[in-house]
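Quick note: the coordinates plus some simple rules give every number you see, no bench work behind them. The model shown is predicted, which means the values in this text are computed figures rather than measured ones. Cβ placement follows ideal geometry from the backbone for every residue including glycine, while neighbour counts extend to all protein chains displayed.
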C-alpha cells in the first residue's frame, strides 16, 4: 500500500508535519509512506526577501512530485500552508496541472486527506482544508479527515491546531513556532487513519 504525502513547505513547518504523517502511515502493516514536494514557483530573489532561502535549502533532498505520482499512489495526503483561507499558490498550480488525470478518472476512488498550517490560531486552517476538499471531490476521491477519536483536538489546556477536517499547526507570525507534540500526534493519527482505511478499501 503506497501512501503519497505531497506537500509544500516554505519554512519547514508543513514538512515537519509531513514527517509525522509518514510515521503514522508506517504504523499500519504493509503501508509505505513516500514524502514529496510540489515544485516551487517563487524566484530565489522573492524567497530571499521572505527569509525562506535557508529553509528551502534544507528541504532540497525531498523529491519533487509529478502528477503521475498521484495516479500511481494508493492514497494521497496533501499538506499546504494557509494563504488567506485557501491552499498556497504552489499547491494550486500543481493541482491545476492534473486535468489529464481528471479526464481519465485516474484518482476516482482513491483516498485523499489534507493537513495545513497558519500563522495564527484562527488563520483559516479549517477553510483551507475545506476549500482543498473541493478539488479532491472533483477528482472523485474519498475524503478522510481527523476524527474525534483523536482526543488531542478535544482539550483546552493549550493552544493547538487540529480539527475534524485534518491536522494543523500554528506557526506564529514570524514562523517562530514549530509544531507542538499534540499537533504532531494529530498528524501521526491522521496518517495511520488514512492508511488503515485505504488498506481496507484495497
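Quick notes on this structure:
- Per-selection Kirkwood Rh - region 96-202 (Cα, Å, 1 d.p.): 14.7 Å
- Each of the peptides 82-95, 28-41 was scored by the mean count of other Cβ atoms within 10 Å over its residues; in descending order, highest first, they stand as 82-95, 28-41.
- Alpha carbon centroid spacing (whole Å) that separates region 51-90 from region 22-43: 9 Å
- Mean separation of Cα contacts under 8 Å, 6 or more apart, over the residue count of region 1-89: relative contact order %: 43 percent
- Here, P(r) means the percent of Cα pairs in each 5 Å bin from 0 to the largest distance; for the chain it is 1, 8, 17, 22, 22, 16, 9, 4, 1, 0.
- Most fluctuating residue given options 184, 42, 70, as computed from a GNM of the chain linking Cα atoms under 10 Å: 42
- FRET efficiency for residue 64 and residue 154, using Cβ-Cβ distance with R0 set to 41 Å, rounded to 0.05: 0.65
- Gaussian network model of the chain, Cα within-10 Å springs - most flexible of 148, 165, 11: 148
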